[in-house]
């Protein structure tokens, strides 16, 4: 009986055990030993991927690395180059495995000794924007810069000072900034008013002696301490050749009055094809306006020297043109009232140069020897009248100018017979009828010395003395008179002389 009871208990236990396993519950053997280890958060320092140990905070890990570097530097008595990559990673470790700062510093120090790079030496890299050259000493770098400057400071009036920015963090290398300071003439000779505008001195004002006023480098320059092997170093003459050799550099040119594409290209030593290729959308017949920006190619060395020089000379000069406005005359209708006469003056100017090429000139003193007489022009200020084409459609068949041994005095627009001909501008009809070679013709007077003519018409839709508005239909086109086909001949006549109508029609 007891045996059957025990068997039943075992069977029920197996069923219960199977249910627990199915439910994902793991049965543990009893008695079981409990794990009482205490785990803590820490920071692990890794050197080239190898764990050096863990400390309680990232700051302690960083300080330990700093201590190890200081110890190594003091033993070598110099800065040293290490092939070492340091990382700090958060980890969870056993409480007893957390190191103190001195313990971690010792382990890092021992490992750093194996990371020293002995085949390189302390050197200095000159950085000019994106260009770099490395030389053995600061003195060689300074000699290089003085050699470049000396090309323009021939009397050795300026010196170059190297100043260091000290860095507190261990391992950072000081950066030297280039300054040019004058040792001769006073550079502050240019007087200015309260708004910063230059004041042109009169003949009695002393502005100092002529000569070189300033020398500076045009690019951003840095000198950076580094480590390099012998084959990475550059000697003085090679470095000088590299940084003074002219390289092609793109710059923006702002179009000025009188410029042309050919003139701009020629002034920069470019072909017209090269200029067009550098400016998308620019064509050989493109119109350029004052203020337009064009990309041009300018030869420029890696390191440019900017100088300012004061110079005194005598020159002829022109007085500024004086204008008298007349609101009863149209814009562009000008009359010269007084012709100019050239004057003479002695001037002192500050001339700016870049690599020896003049970039600007400012007069700071002048003594007039002979007064210049200005040109005086009476100019019209009344807005120009607007003109419209005599037909709303049609194509140009003949332009203004020489044709078949004579002068064609207008524009011909090919249109079918019977097309509406409209007044190009408001005015009074002073002629309407047959006019010899013009065939049927209309002449409109606009009251300001300007008349317009419409010829080779098939019929006339206005009469002499009638005032017509701009756009009014005044006739129908045709093929009358000396005509070779259906069209309208259109003229603009100013003070009795036929002019090219195209500019007035915006063509």
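A short reminder: the numbers here are calculations on the coordinates, not readings from a lab. Fair warning: this is a prediction, and the values are worked out from it, not measured in the lab. Cβ placement follows ideal geometry from the backbone for every residue including glycine, while neighbour counts extend to all protein chains displayed.
Label residue 121 and residue 139 with points 7 Å out from Cα along Cα→Cβ: what is the distance between them in nm?
1.3 nm
Using 7 Å Cα-to-Cβ label points, what is the residue 448/residue 312 separation (nm, one decimal)?
The modelled label-to-label distance comes out at 5.4 nm.
Residue separation times 0.36 nm, minus the C-alpha to C-alpha distance between residue 322 and residue 287: what's the value?
9.6 nm
Multiplying the sequence separation of residue 266 and residue 113 by 0.36 nm and subtracting their Cα-Cα distance, what value in nm do you get?
Using 0.36 nm per residue and subtracting the Cα-Cα distance, I get 48.8 nm.
If you find the alpha carbon centre of segment 358-392 and of segment 92-142, how far apart are they in angstrom?
When both Cα centres are located, 67 Å separates them.
Counting other beta carbons within 10 Å of each Cβ, put 441, 115 in order, fewest first.
With the sparsest Cβ surroundings first, the list reads 115, 441.
I'd like the FRET efficiency for residue 154 and residue 131, computed as 1/(1 + (r/R0)^6) with the beta carbon distance as r and R0 of 22 Å, rounded to 0.05.
0.30
So the label point goes 7 Å from the Cα of residue 94 along Cα→C-beta, right? Which residues of segment 34-70 then have their backbone N under 13 Å from it?
Of the residues in segment 34-70, 35-40 have backbone N under 13 Å from the label point off residue 94.
Give me the distance in nm between label points sitting 7 Å out from Cα along the Cα-to-Cβ direction at residue 37 and residue 252, one decimal.
Reported label-point gap for residue 37 and residue 252 is 6.6 nm.
Can you figure out the FRET efficiency of residue 73 with residue 351, using R₀ = 45 Å and their beta-carbon distance, to the nearest 0.05?
E(calc), rounded to 0.05, equals 0.30.
Determine, from the Cβ-Cβ distance of residue 329 and residue 472 and an R0 of 25 Å, the FRET efficiency 1/(1 + (r/R0)^6), rounded to the nearest 0.05.
0.40
Taking neighbour Cβ counts within 10 Å as the exposure measure, how do 324, 60 sort from fewest upward?
So the residues, fewest neighbours to most, are 324, 60.
Expected output is a single nm value to one decimal: the length gained when fully extending between residue 83 and residue 225, i.e. 0.36 nm times separation in residues minus the C-alpha distance. What is it?
In short, 49.4 nm is gained.
May I ask for the distance between the Cα centers of segment 394-437 and segment 250-318, given as a whole number of Å?
Taking the Cα centre of each part, segment 394-437 and segment 250-318 sit 43 Å apart.
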